[in-house]
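The values are calculated or read from the model by the stated rules, or taken from the named source; none is laboratory data. Computed from a predicted model, the values in this text were never measured in an experiment. With ideal geometry, Cβ positions are generated from the backbone for all residues, glycine too; neighbour counts draw on all protein chains shown. Calculation scope for accessible area: heavy atoms of the full protein, side chains included, ligands and nucleic acids excluded. Shrake-Rupley method; radii C 1.70, N 1.55, O 1.52, S 1.80 Å.
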Amino acid sequence: QVRLVESGGGLVQPGGSLKLSCATSGFIFVLEKMAWYRQAPGKARELVASITGRLATTYSDSVKGRFTISRDNARETVYLQMNDLNVEDTAVYYCHAESYVLEWGQGTQVTVSS
């Protein structure tokens, strides 16, 4: 059974930083392409960043240069370091194992506000 547990969200001021974590189980993590998505109120879920088992990364244009995705294969955990946050980054953030299309965690809320 695929399990994805996100943590690390919270309230932060514009310009601040947060690091999200996603603990996983139920699949062969080291082989899996992992991704972070986000969904803001009233908007569709969007891809933020992804990382393959060989550590190739991609980023959406809106976060490029500010966010960094990484993974720890020994801990079966994927991370999202978010710097220079702005109000447009406010959303629920979800991690995703790309092979398991229908499996999602509960997400973690990130709110950027002064």
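A few remarks follow.
- Residue in segment 19-28 that is touching a helix residue (DSSP H, G or I) at 6+ places or on another chain (Cβ under 6 Å), among the polar types (S, T, N, Q), farther than 19 Å from V112 by Cα and open to solvent by 30 Å² or more (accessible area, probe 1.4 Å) present: no
- Any chance G16 is assigned to a loop (DSSP other than H, G, I, E, B), without any contact (Cβ under 8 Å) to a residue 40 or more places away in the chain, out of contact with any Pro (no Cβ under 6 Å at 6 or more places or on another chain) and among the small types (G, A, S): no
- Strands (runs of 3 or more DSSP E) enclosed by segment 32-104 - at least 2 residues per element that are farther than 22 Å from S114 by Cα, open to solvent by 60 Å² or more (accessible area, probe 1.4 Å) and not hydrophobic (A, V, I, L, M, F, W, C): 57-59
- Of all residues in segment 3-15, those satisfying the criterion of being under 17 Å from the mean Cα position of the chain (by Cα) and surrounded by fewer than 16 Cβ atoms within 10 Å (Cβ to Cβ) are R3, V5, S7, G10, L11.
- In segment 105-114, of all residues being outside any loop (DSSP other than H, G, I, E, B) and not polar (S, T, N, Q), the one that is farthest from A49 (Cα to Cα) corresponds to V112.
- Some residue of segment 81-96 being more than 20 Å from P14 (Cβ to Cβ) and out of contact with any Gly (no Cβ under 7 Å at 6 or more places or on another chain): yes
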